[in-house]
Amino acid sequence: MNKVQKYPDAVWHARMFAVKAHSHQKYGTNRPYVVHLDEVDSILITYGYGSIENRQAAYLHDVLEDVVSLGVTDMREAGFSEHVVYIAEFCEDDAGPNRRTRKQNTYMRMRYEMSKHRGDDAHVIWDAVRVKLADRLGNLRASIRDNSSLLGMYIKEREAFRDALYQPGTADRMWDEYDALTGIELTAAPNRKK
């Protein structure tokens, strides 16, 4: 499949923006970071949430968190919509001295954001939740595929992540996969070295 068929221009623009932004980063077992972003995009498409804006957000969801030199102004100047910028902001981890504190702060903010968005603008928050969930699914899949020690961390964070973001009727099939992947015992993971 060629670029035009796989990536509409707006999605290709987001992908190239992200490739450049994350050019200094590797993912998993020393792969280009875009491998993760492609997987997040693919997950959204697979589950039926592959709108242009969601797909753009799939590529941009880690930019604000990982690339100190870029901010929301850069995204806006690059032509990304407020909807896409909001999703990228939503997905960004909050500050904190360690992962546990960062995640606690982030999940508290996400719950607050979810409580704010009701009625006509509720779709914005649910798109953000779906992108964040697709991100976590991508991380889980990679952890299982690569026999990564990160799998245990994601399993330990299962309840906090789910409590923060789960709402019935918003991506239930994605949550089913999340529950299945985080229910794996570390010793039962495929190809895990003993």
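Observations
- Convex hull volume of the stretch 50-141 per residue (C-alpha atoms, cubic angstrom): 103 Å³
- For the chain, the relative contact order is 20 percent, taking Cα pairs closer than 8 Å that sit 6 or more residues apart in sequence and dividing their mean separation by the residue count.
- Probing with 1.4 Å while keeping every protein chain in the model, the per residue accessible area of the stretch 96-161 equals 48 Å².
- Put the Cα centre of the stretch 138-153 next to the Cα centre of the stretch 5-38 and the gap is 19 Å.
- Mean Cβ count within 10 Å, highest first, over the residues of peptides 170-177, 26-33, 42-49: 42-49, 170-177, 26-33
- Surface composition of the chain: carbon plus sulfur atoms hold 52% of the accessible area, using a 1.4 angstrom probe and ignoring ligands, DNA and RNA.
- Correct option for mean projected area of the Cα convex hull in nm² [calculated from the coordinates] among [x] 16.3; [y] 20.8; [z] 11.6: [z]
- Along its first, second and third principal axes, ordered by size, the stretch 115-163 spans 43, 18, 7 Å in Cα coordinates.
The values are calculated or read from the model by the stated rules, or taken from the named source; none is laboratory data. In this text, all values refer to a predicted model and were calculated from it rather than measured experimentally. Every residue, glycine among them, receives a Cβ derived from its backbone with ideal geometry; neighbour counts consider all protein chains shown. Accessible surface is based on the protein model in full, side chains and every heavy atom, while ligands, DNA and RNA are left aside. Shrake-Rupley method; radii C 1.70, N 1.55, O 1.52, S 1.80 Å.
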